[in-house]
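Participant: Here you go, one structure.
Rule-based calculations on the coordinates, nothing more; no lab input. Only a predicted model underlies this, so the values are computations on that prediction, with no experimental measurement involved. Note: ideal-geometry Cβ built from the backbone for every residue, glycine included; neighbour counts use all protein chains shown.
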Amino acid sequence: MSNTQACRVVGVNERTGREWRHGRPEGRVKRSRPPARKTARVGGTSSRFLTEDERIVIADLRRARATMRAIAAELDRPVSTISRELKRNSHQVSGDYRPHAAQARADARRARPKGGKLAACQELREVVEGRLGLEWSPEQISRSLRREFPDRPEMRVSHETIYQALYVQGRGELRRELTRALRTGRTYRKPQIRPDQRTPRFTAPMVMTSERPADAEDRAVPGHWEGDLIIGKDQKSQIGTLVERSTRYVLLVHLPADRTAETVRDALADTIATLPAELKRSLTWDQGSEMALHHQFSTAAGLPVYFCDPHSPWQRGSNENTNGLLRQYFPKGTDLSVHGPEHLNMIAARLNGRPRKTLGWETPAERLAKLLAEAS
C-alpha cells in the first residue's frame, strides 16, 4: 500500500504515518537513541547482528542526510556493516530504508535451521558419493562440478561442505563408510590445535617477541639482533646468521659440523663475546630446535633470547631479508661446509660495506660506527 492508503486503514494522519514508517512512533518527538553497542542481546541474538533499535537510528540519520561513515561512528559499527545493511534491506523499488521492514527481512533471512545442500539435491548427492567412491578428494570433486555444471548453481558444492557432510554430527548427508575413501582414511575429523594449546617446544620457558623491549621495536638503539640458520645441500650443512636490527650489520657464524643445540649454543656465545657491551641487548630467533639450550646461551653470553610466534617470519624480517641477500654467495643446494671462517668474515664485510636504501644509502658499518660514537 501507499502511505495514504495505509493511513486510511489505520485511521491516522498521513504525517503520523510517515513518522511511524521511518521509526518515530511518537510523531515529531525525537526518541532517545540506544547505546552504541550491546554485548548481550535479548533472545540470545549475537551482538554482531544489528538490532531493531540500531536500524531505527540508521533510518533517522539517513533522513538527516548523514553519511555512512557518520552512521557507523554513531553506532560504533564498521562502515561496511552499514553499507551492506542498506544494500540488502532497503525497499527494492523506492530504495527507501524502513527500519521495521528491514528487521523483518533480516529475521527471515536468518531463520534456522536450514538444510544442507547435499540433503536438498538428490542428484548432487549421488554425484558426490560416486566420486568419493572413486577416491577423489573433496576439493577435486568441488572443482570438477564447477567445470561440468557452469550454468547450474544447485550442482556446485564447496569441499568444506563435503567434509562437514562426512564428519559433522547432524550434517551427515553422506554415508559414513565413504570416509574410508578419503586419502587420510580417518573416520573423524582431526581438530586443529590452537596456539594456546600447543605443547611447549623447549624445556626452558620461551620469552616471546611480544615481551621484547620497546627500544627493539623502533630500532632506535643498537644491540638488538635477529638470528637464523641458512641450510645447505641435503640439509647437511649450515651457516648461522646474525643481523643487528638498527643498522642491518651482519655477523656470520661458522657451523662446520652440525647444528645441534650444543654446537649452536657454543658458536653463538663465541661470536657474541667479540661484541662490545653496547651491542648486547637482545636476540630474536625462531622456534627451531637448534635453540633448545637458549637459557644456557643467555647466561653465557649475557644476552636475553626472544622467540617469534610459529609461522611468523615477519617478526624477524631484517634477518629474512639478509638471508636472501646471502644466497648470492651461498646458493641453495650447495654444500655450505666448504666455507671457512675467513671466507665468512669476508662475505659479511662485503654486506656491511654495501650502501643500503633503508639506511639512507649509508653502509651498515658506517651507521654502526656512528651510533656507537653517539652512545660513547
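Participant: Return the sequence-ordered ³J(HN,Hα) values of region 71-85 in whole Hz as given by the Karplus equation 6.51 cos²θ - 1.76 cosθ + 1.60 applied to θ = phi - 60°, using x for Gly and Pro.
Facilitator: Whole-Hz 3J(HN,Hα) from phi for region 71-85: 5, 4, 5, 4, 9, 6, 10, x, 4, 4, 5, 5, 4, 5, 4.
Participant: Along each principal axis of its Cα atoms, how long is region 326-376 end to end? Whole angstroms, biggest number first, please.
Facilitator: 41, 23, 12
Participant: Take the alpha-carbon centre of region 249-300, take the same for region 73-115, and report the distance between them in whole Å.
Facilitator: 58
Participant: Where Lys and Arg each count +1 and Asp and Glu each count -1, what net charge lies around LEU368 among other residues with Cβ under 13 Å from its Cβ?
Facilitator: Values: positive: ARG219, ARG245, ARG248, ARG356, ARG367, LYS370; negative: GLU244, GLU278, GLU362, GLU366, GLU374.
Cβ neighbours under 13 Å give a net charge of +1.
Participant: By counting other Cβ atoms within 10 Å of each Cβ, how are LYS233, LYS117 ranked from fewest to most?
Facilitator: Working: LYS233 13, LYS117 19.
Listing LYS233, LYS117 from fewest to most nearby Cβ atoms yields LYS233, LYS117.
Participant: How do VAL93, VAL221 rank when sorted from fewest to most other Cβ atoms within 10 Å of their own Cβ? Write out the running numbers ahead of the final one.
Facilitator: Working: VAL93 6, VAL221 16.
Ranked by crowding around the Cβ, least crowded first: VAL93, VAL221.
Participant: Quick one: ILE56, ILE162, fewest Cβ neighbours within 10 Å first, how do they rank?
Facilitator: ILE56, ILE162
Participant: How much net charge surrounds LYS280 when only the other residues with a Cβ under 15 Å from the Cβ of LYS280 are counted, with Lys and Arg +1 and Asp and Glu -1? Please list the in-between numbers first.
Facilitator: On the way: positive: ARG212, ARG245, ARG281; negative: ASP215, GLU226, GLU244, ASP270, GLU278.
Once all neighbours under 15 Å are counted, the net charge is -2.
Participant: Using amide H atoms built 1.01 Å from N in the peptide plane, name the residues 5+ places from GLU362, or on other chains, whose amide H lies under 5 Å from its own.
Facilitator: Distant-sequence amide H within range of GLU362: ARG356.
Participant: Where does region 61-109 land on Rg(C-alpha)/(2.2 N^0.38 Å)? Kindly include the intermediate steps, with their values, before the conclusion.
Facilitator: Details: Rg = 10.8 Å, N = 49, 2.2 N^0.38 = 9.7 Å.
In units of the 2.2 N^0.38 Å rule of thumb, it is 1.12.
Participant: Apply the Karplus curve 6.51 cos²θ - 1.76 cosθ + 1.60, θ = phi - 60°, to the phi angles in region 2-19 and return the couplings in whole Hz, x for Gly and Pro.
Facilitator: So the Karplus estimates, Gly and Pro as x, are 6, 4, 5, 5, 5, 5, 5, 5, 6, x, 10, 5, 4, 5, 4, x, 5, 5 Hz.
Participant: When the distances between all Cα atoms of region 244-376 are binned every 5 Å from zero, what whole-number percent does each bin get?
Facilitator: Reading upward from the zero bin: 2, 9, 17, 21, 24, 18, 8, 2, 0.
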